[in-house]
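Below is one structure, written out as structure tokens; comments come after it.
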Amino acid sequence: MKMVIQRVSRAEVRVDGRVVGRIGVGLAVLVGLERGDGEEQLHRAARRLASLRVFSDEEGRMNRGLDEVGGAVLAVSQFTLAGSIRKGRRPSFDGAMRGEDAEPLFEEFLKTLRTQGVEVATGIFGAMMDVELVNDGPVTLIWEDTPG
């Protein structure tokens, strides 16, 4: 499982020109599921996101979490994160989880975030989406978790 996590002042996702998910302050998270990923990785990632302290306190230190700033998560499934550009000139997606397997796991990830008390917005799984955001900082983090 891979995630690109960006601290944002606002973010939204559109499908066919229509906004389907929008947040103000929070985290925009691109989620890539790989073959072999399971609920263990999803639950660990959701708990980490819910407790991540990347928002500034009065002294400018990253000491606040989503709950302390009234933040939300915009989570977007992005199969291309599981791609590899190590060989050749085109990306290989051999390591990406198939859509029919990834969709229920992505939904479980969203559910787990919500049970952690996080407000969650999302796009439409498998759709071509336009993601627009304002990266605050900028702060961008990478999460990689492998089975086992």
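The table that follows gives values for the structure above.
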read-out: Residues of segment 46-65 classified as open to solvent by less than 80 Å² (accessible area, probe 1.4 Å) and closer than 14 Å to Thr115 by Cα, total; value: 4
read-out: Subset tally (residues that are free of Cβ contacts under 8 Å to residues at least 60 places away in the same chain and in contact with a Lys or Arg (Cβ under 7 Å, 6 or more places away or on another chain)) for segment 25-39; value: 1
read-out: For Phe79: the one exception among (1) over 13 Å from the mean Cα position of the chain (by Cα); (2) under 22 Å from Val13 (Cα atoms); (3) of a type outside the set (A, V, I, L, M); value: (1)
read-out: Residues of segment 106-139 that turn out to be open to solvent by 60 Å² or more (accessible area, probe 1.4 Å), over 30 Å from Gly60 (Cβ atoms) and either in contact with a His (Cβ under 8 Å, 6 or more places away or on another chain) or not in a helix (DSSP H, G or I) (or both), as a count; value: 4
read-out: Restricting segment 11-45 to residues that are open to solvent by 40 Å² or more (accessible area, probe 1.4 Å) and at positive phi, the residue that is nearest to the chain's Cα centre (by Cα); value: Gly36
read-out: Strands (runs of 3 or more DSSP E) fully within segment 1-78 counting 3 or more residues that are of a type outside the set (D, E, K, R); value: 2-15, 18-23, 26-32, 72-77
read-out: Only listed residue being of a type outside the set (Gly, Ala, Ser), under 22 Å from Gln6 (Cα atoms) and free of Cβ contacts under 8 Å to residues at least 40 places away in the same chain, chosen from Glu59, Glu108, Glu119; value: Glu59
read-out: Residue within segment 83-100 that is touching a residue at least 60 places away in the same chain (Cβ under 8 Å), under 23 Å from Val8 (Cβ atoms) and assigned to a loop (DSSP other than H, G, I, E, B) present; value: no
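The values are calculated or read from the model by the stated rules, or taken from the named source; none is laboratory data. Since this is a predicted model, take the numbers as computed values, not measurements. Positions of Cβ are generated from backbone atoms using ideal geometry, with glycine treated the same way; all protein chains shown enter the neighbour counts. The area values use the complete protein model at the heavy-atom level, side chains included, leaving out ligands, DNA and RNA. Shrake-Rupley method; radii C 1.70, N 1.55, O 1.52, S 1.80 Å.
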